[in-house]
Amino acid sequence: MNFEQKLKQDLNKQSEELDSLMSENKSLGGYLKLGFSSNMGWMMKAAYGLGVLFSIALFYTGYQFFTVHQNEQVFWGVLLILSFQAQIATKLWIYMQTNRMYISKELRLLAARNS
């Protein structure tokens, strides 16, 4: 194989890699799916599961807060605030990890364009 054929193969390979990097879904769903593309995808699944559990806890404690006797409202109010804070922390972590993967993908795309 001569140099010219090897160069053509390398350019075709880089072009295919660039095309695969550029073929992205610009919707919110595509953005959120990007978080699962790393080797920590299992942790993202666990975080989404925790988010669902904290959402259920938030609705349950909110319901209890508004329906219990006045003497117990402080207890359920504190639990409501704690479940709300836990849900916020979980969702922030999910979005931070997804954003980290998005930035990493953009940097790889930029490096591929410059090489």
Would you point out which residue out of Gln73, Gln87 is farther than 23 Å from Met40 by Cα and in contact with a helix residue (DSSP H, G or I) (Cβ under 9 Å, 6 or more places away or on another chain)? Gln73
Give me the pairs, please: first residue somewhere in the stretch 49-65 and without any contact (Cβ under 8 Å) to a residue 24 or more places away in the chain, second residue anywhere and open to solvent by less than 90 Å² (accessible area, probe 1.4 Å) and polar (S, T, N, Q), beta-carbon distance under 7 Å, and either six or more positions apart or on two chains. Thr61/Ser83; Phe65/Gln73
Candidate set: the stretch 1-30, residues that are modelled with pLDDT of 70 or more and among the hydroxyl-bearing types (Ser, Thr, Tyr); chosen: the one farthest from the chain's Cα centre (by Cα): Ser15
Residue by residue through the stretch 59-115, note down the ones that are among the hydroxyl-bearing types (Ser, Thr, Tyr), open to solvent by less than 60 Å² (accessible area, probe 1.4 Å) and more than 19 Å from Lys33 (Cβ to Cβ). Thr61, Ser83
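The values are calculated or read from the model by the stated rules, or taken from the named source; none is laboratory data. Computed from a prediction, not measured in an experiment: that's the story for all the values here. All Cβ positions, even for glycine, are placed from backbone atoms using ideal geometry, and neighbour counts span all protein chains on display. The protein model used for the area step is the full one, side chains on, heavy atoms only, and it has no ligands, DNA or RNA in it. Shrake-Rupley method; radii C 1.70, N 1.55, O 1.52, S 1.80 Å.
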